[in-house]
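Okay, so here's the structure we're looking at.
The values are calculated or read from the model by the stated rules, or taken from the named source; none is laboratory data. If you're wondering where the values come from, they're calculated on a predicted model, not measured in any experiment. In this analysis, Cβ positions are derived from the backbone assuming ideal geometry, glycine residues included, and neighbour counts consider all displayed protein chains. Just the protein is used for accessible areas: all its heavy atoms, side chains included, with ligands, DNA and RNA removed. Shrake-Rupley method; radii C 1.70, N 1.55, O 1.52, S 1.80 Å.
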Amino acid sequence: MDNLKAVILAAGQGTRMKSKTPKVLHKILDKPLLDYVIESAKEAGAKEICVVVGHKSELVKETTYDDVQFVTQEEQLGTGHAVMQAKEFIGEKGQTIILFGDTPLITGDTLIKLKDYHSQAKNAITVLSTKVNDPKGYGRIIKDVNGNFIKSVEEKDATSEERMVNEINSGMYIYDSKVLYESLDLVNNDNAQGEYYLPDTLSIALGKNYKVNTMCTEDPSEILGVNSRVQLAQAQKVIQERINHYWMEEGVTIINPENTYISKDATIGKDTTIYPSVMIEGKTKVGEECIIGLNTRIKDSIIAKGCSIEQTVILESEVGKNTTIGPFAYIRPNSKIGSNIKIGDFVEIKNASIGDGTKVSHLTYIGDAQVGKGVNFGCGTVVVNYNGKEKNKTIIEDNAFIGCNTNLISPVKVGENAYTAAGSTINKDVPADALGIARSKQENKKDWAKKKR
């Protein structure tokens, strides 16, 4: 089984989605449906993967992993026709798994079991099947009294007795590649739809005395396809439950799993507590003993141990240990926030590094800046980093004190232990240990208000 390949069928338009986006690129927890299937194939040991594309093929290619191959099905003439496009990829050595790009619930564990069973049973073809209470609409698996596979029959072609069978065909298979390669040449479109059906390869193989059988998965949800927005939401719920269950078993407290959304690629440390309405997206890493509070979104970021984050958006950034952020903070991409820092309410940080122990308590914007350790920002500070044509950098050294309502006109430098006076607009460097004042001198006009009245 070292030479395992996977062919994933992803050429369909998905008209029931009523979308300009190809069906396989619709997302669950910010990951395209097709990516889930590719990852499961890789987990099963597939060394080479070929995706059969059709509708908006260039968009699918641009959006999908770089390490997969593509073939194009110009006309959608059935599942057999789709696999025919990958015939040269399949070849005659090893084994080939056939999957669908719109079945994101299939797991790597199930495909490993399918692969192992296929090998142990010495099958030429193994059909992944499952049993359901209501098999309506599915192809039925028909077996003899000894449990040997006879055929897979579509519901419209089944007899009334065959329709009573509750073991259904998932449409996913593992083949000895040589058997699939040979059988594809014999599949024809002699049917009412004029299409080439992949299940025909089963009867072709049986006719050549190859061994065909099924492996029945215990979880029927794994074979469910996504053909509509309703089914997309149903599939997301299943994946959401799987992910949240996993992290709770790993020592993470999730207050309301039904209202918590965690990416498959994210990692979370033990004893972290996640409150409702949280979205942890992409390859985010959350450390141990963190509190991720209400209405927080974190994407592709690193959150170190012991942080407390509430009602905040953090995108593509890093946060050090024991830092508190929020509520209502916005940490934009390429920000690096150190340890033991306070980022308070209505603070926005973009493309900036913030040194350990610094406090940015409220109503402040810091963009394109390098901030040292132990700096204090007064309320209403603005780093004015854009002059209308280009962005410039501000440097604030260790232990500086930025007074309330200070405007720092970039590029500018505030030295170590320096102060800026409240209400100042600073457009020149402030030396270390100095006080920068840039405001008009106050003048009181006696009886001005009285005369005005």
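What the table below lists for this structure:
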item	result
Residue 146 being of a type in the set (S, T, N, Q) and out of contact with any strand residue (DSSP E or B) (no Cβ under 7 Å at 6 or more places or on another chain)	yes
Enumerated strands (runs of 3 or more DSSP E) restricted to region 220-338, each holding at least 1 residues that are among the charged types (D, E, K, R)	278-281, 297-299
Meets criteria (at pLDDT 95 or above, within 29 Å of the chain's Cα centre (by Cα) and open to solvent by 10 Å² or more (accessible area, probe 1.4 Å)) for residue 72	yes
Leading residue by the ranking (farthest from residue 325 (Cα to Cα)) among those in region 389-409 that are within 37 Å of the chain's Cα centre (by Cα) and open to solvent by less than 50 Å² (accessible area, probe 1.4 Å)	392
Residues located in region 288-337, provided they are touching a Gly at 6+ places or on another chain (Cβ under 6 Å) and open to solvent by 20 Å² or more (accessible area, probe 1.4 Å)	288, 289, 299, 300, 304, 305, 310, 311, 321, 322
Breaking point among (1) closer than 28 Å to residue 321 by Cβ; (2) outside any strand (DSSP E or B); (3) under 40 Å from the mean Cα position of the chain (by Cα), for residue 365	(2)
Subset of region 159-186 (residues that are open to solvent by less than 10 Å² (accessible area, probe 1.4 Å) and either β-branched (Val, Ile, Thr) or over 14 Å from residue 140 (Cα atoms) (or both))	168, 173, 174, 175, 177, 179, 180, 183, 184
Failed item, numbered, when residue 281 is tested on (1) free of Cβ contacts under 8 Å to residues at least 40 places away in the same chain; (2) over 19 Å from residue 249 (Cα atoms); (3) buried (at least 18 other Cβ atoms within 10 Å of the Cβ)	(1)
Output for region 248-265, where each listed residue is touching a residue at least 24 places away in the same chain (Cβ under 8 Å) and open to solvent by 20 Å² or more (accessible area, probe 1.4 Å)	261, 264, 265
Residue match in region 51-66 (condition: in a helix (DSSP H, G or I), in contact with a helix residue (DSSP H, G or I) (Cβ under 6 Å, 6 or more places away or on another chain) and closer than 23 Å to residue 215 by Cβ)	no
Some residue of region 11-24 being touching a residue at least 40 places away in the same chain (Cβ under 8 Å), within 15 Å of residue 173 (Cβ to Cβ) and not in a helix (DSSP H, G or I)	no
Residue list for region 375-388, filter: surrounded by 16 or more Cβ atoms within 10 Å (Cβ to Cβ), assigned to a strand (DSSP E or B) and not polar (S, T, N, Q)	377, 382, 383, 384
One residue from 371, 384, 319 being free of Cβ contacts under 8 Å to residues at least 24 places away in the same chain and touching a strand residue (DSSP E or B) at 6+ places or on another chain (Cβ under 6 Å)	319
